[in-house]
1. Using Cα-Cα distances under 8 Å and only pairs 6 or more residues apart, what relative contact order does the stretch A:212-306 have, in percent?
2. For peptide B:254-263, what's the mean number of Cβ atoms from other chains within 10 Å of each residue's Cβ?
3. Of the listed peptides A:304-310, B:66-72, what is their order by residue-averaged count of other C-beta atoms within 10 Å, with the highest listed first?
4. Please state the relative contact order of chain B as a whole percent: Cα pairs under 8 Å, 6+ residues apart?
5. Just to confirm my numbers, what's the Cα centroid distance between the stretch B:241-314 and the stretch A:69-136 in Å?
6. Just how many % of Cα pairs in the stretch A:198-315 lie over 24 Å apart, if you round to the nearest whole percent?
7. If each Cα of chain B is one equal point scatterer, what is log10 of I(q)/I(0) from the Debye formula at q = 0.06, 0.08, 0.10, 0.13 Å⁻¹?
8. Using a 10 Å cut-off around each Cβ, can you sort A:TRP132, A:TRP219 from fewest to most neighbouring Cβ atoms?
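Every number here is computed from the coordinates shown, using simple stated rules; none is lab data. What you see is a predicted model; the values in this text were computed from it and never measured. Please note: Cβ atoms are built from the backbone with ideal geometry, for glycine as well, and neighbour counts cover all protein chains shown.
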Amino acid sequence: MGLLASIVVISIFVEIRNPMFLTLSNLKDIGVNTAILSILAVGMMMVLLTAGIDLSLGATIAFSGMCVALTLVAHPELPIGVAILEGIVLGGLIGLILGFFISRFSILPIIASLGMMDIVRGFTYVVSRSKWVSAYQMPDDFKNFATGSFFGIPNFIFIAVVVYILFYYFINYTKVGRWIYAVGSNPSAAQISGIPKKRVIALVYTLMGALAGLAGVLWVSKFASAQGDTAEGEEMNVIAACVIGGVSTTGGRGKVSGLVLGCLLFGILDNALPLINVSPFWQKAIPGAIILIAVMANAVTRRQADLRALKSRTI
Amino acid sequence: MENKKIILEEKTWNAKSFFFQWEWMLVVLLLLVHVFNGAVSPYYFSVDTFLSTPMSFLDQAFIVFPMMLVLISGNGNIDISVASIVALSSVIMGVSYNHGVPMSASIVLCFLTATLCGFINGSILVKFPELPAMIVTLSTQILYRGVAYIILENRAVGKFPSWFEYFGWGYVGPIPFIFLMFIICAVIYGIVIHKTSFGRSVYAVGNNRTAALYSGIKTNRLTLLIFTLTGFMSGFTALFLTSRMGSTRPNIASGYEMDIIAMAVLGGVSTDGGKGRIWGPVLAIFIIGYLEYGLGLLNQSAQVVMIIIGILLISSVLIQDIHIFGKHRVLPGRK
């Protein structure tokens, strides 16, 4: 609730400073620009729910984006659906390998994904021979996909909404989705009650990889260029959006609804700071301060809630 | 039973448990790297190369030591803001010098900034023990680098006095100054980690925080101290890096935090806490450094190095996990 309130306050404040903010076209912009982040955040939330972390997603975005771009350069006639599918499969494979290492060998997720990040990023440079794929090499259909719309809804927003509906259902209403929470909140209890813990963990990283692959295709389409250093450090933004959205990094705690708000806050900040003429250099520092304040405020309110719960228990 | 066996293994010296230690594996790896480099370049095997090559990779090594302490202290402790601390303190040093502050005072300012940044990290973690260090240092990482951008925007500052170059390029006899400083730091940290009660209490906290607290270790003060120390050591990296580059910008040292963590982990420090010895990371620093140098000779750029480091990182943890190496280091009851 605090999150929603801060979004409203920030929106009102920005709207007073610059009435351009709450126009339909600008809101559409915010949606399109937040789409990739929010798609990634769903995957990251599932990973965080199992008390894991995935630092390799920036590299996965770059790799799948680069592979798709190279495929499109070689075969410009390929339909966009195939390109997206290629990205998802490649990303999913990377995620599967990572999930395999983490679940079978009990390597800590942070280390495994750190290693994976280096490997995948290195291969991105290798497959592209350290060159960029620039806008003029890509087919027009692919570039127009980012700006196009589907029944009046921009493509990116449409995809993000579909992803959210799918995963909202998956996480909340399917058996496997509930297992993710079970594994995260108490791993040993989950194992004893017959949940295939290792498979759930492997699945979570595979889904994260697949979503990162999808995001890679969208990323390349949006910026109309694929580079070796695409999306470098994006994993930190995604983790930050999740944390603001109330997902705990120690596992078992987090909701899709919170996630939407967290990503929205991120997107609004990104959009609003230039609109109210904040210098681009201040824009680099402000997200850090906001995450810090958000998590500290969250900790304080949770402490008070715990205290109240404790008091109500005394007879 | 299990408990007894492990203690016995630690007391009696036998060849198997001595040589099947992770550090020996690293020694072999380091030798392999040298053999590889020697095969690549016929001029490789000279004292000069051995001594001067480390100049190019030792600057980040100074943070590996305190990072070891951070990782050993467990509880999910990690510091990913170090690269931003380096950038911020370097920028402050550059800007203050260009605004008329004498160079020596600027260097002091650089260390003060770095220490303050570490202190802020530590105090947030102590005041909010429920927040994971990962998240806190993630946000301060963005914040510190952002402040560096606010101060300097997209410009670079340089024009340092000529004696300032000495830190990055100077020699003491045949040994580069930075190498000498590194050895001194390694010795100091080796003694602190393995021979002092402070070092032992870091391990104790990493193995069992609650037990450590109840046995009288001031865990909060320890956390604060370790993170402040990490900040302080980032000052060294800022100093040497700035001196070697001759100028500074807000985006210097980006990505260093991952390299530093990778070096510590390759050296056998567990991010789970309570595990790791000084020799491991020291060897890992040289393995990665000389490997990069050798692949540079082959004209292989950073990408191949990245792949190799990634594979090394995963396989090193894999091999240690199979319990051939360092079995006696794992306390009973821990996985």
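1. RCO, the stretch A:212-306: 20 percent.
2. 2
3. The packing order, highest mean first, is B:66-72, A:304-310.
4. It rounds to 33 percent for chain B.
5. One Cα centre to the other: 23 Å.
6. 44
7. Rounded to two decimals, the profile gives -0.22, -0.39, -0.62, -1.03.
8. Fewest to most other Cβ atoms nearby, the residues stand as A:TRP132, A:TRP219.
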